Amino acid sequence: MQNRRQALGTIGTIGLGAFGVGFAVNPLTARNVFEVAMRNADPAAPSRRMVFTPDLLKVPAGSQVRFEAPEGAHNTQSTTGMLPNGAEGWRFGIRKSGTITLSQPGFYGYHCLPHRSVGMVGLIIVEGSGMMENLQAAKAVKHPAKAAQKWANLWERAEKLL
Ligand SMILES: [Cu+2]
């Protein structure tokens, strides 16, 4: 007889993956792989337009994040001034999916170029030694009005995860 706990665990993982908010261990690399979707509207709250789902992630150092482009004219790129020291930035084309590897602990801010001004921004917190070093610098970055509102919200939620 199949172990009930195992069966439920498998279903849970698949369910989360379908909504792009879960994570799975890539068997080839044994890294944690997280997914972020670039969307015209949040499936869980359709009045939230032009969003990354989820827009806030906390992941272990060495994790990968895969940005998925299921719809709309979005991209993802790191935001100037919002990367840990020594971390590499990224910039993917419009409507392009792509994967980044986050080796350096700290705070990674990013945005969608066409929709930054309407607040399409996100934050990834990479846990590990020295992770707090770029927090103040990242928080000091200035943003267009709607993005600034969104960042205030993201930082408030991020504080609760620290
Ligand atoms: Cu966008």
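The numbers here are math on the coordinates, done by the rules we state, and not lab data. Model, not experiment: these values are computed from the prediction. Positions of Cβ are backbone-derived with ideal geometry, glycine not excepted, and every protein chain shown enters the neighbour counts.
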Determine, for Val118, Val65, the number of other Cβ atoms within 10 Å of each Cβ, and report the residues in order from fewest to most. Val118, Val65
Ranked highest first by average number of other Cβ atoms within 10 Å, how do 35-48, 70-83 line up? 70-83, 35-48
Within a Cβ distance under 12 Å of Arg157, other residues only, what is the Lys/Arg minus Asp/Glu net charge? 0
For the range 47-146, state the average projected area of the convex hull of the C-alpha atoms over all orientations, rounded to one decimal in nm². 6.1
Go ahead and run the numbers for FRET between Leu162 and Asn85, Cβ-Cβ distance against an R0 of 22 Å, rounding to 0.05. 0.75
Ranking of His115, His143 by count of other Cβ atoms within 10 Å, fewest first: His143, His115
Applied in sequence order to the range 86-93, the curve 6.51 cos²θ - 1.76 cosθ + 1.60 (Karplus, θ = phi - 60°) yields integer Hz couplings, x standing for Gly and Pro, of x, 7, 8, x, 9, 7, 9, x
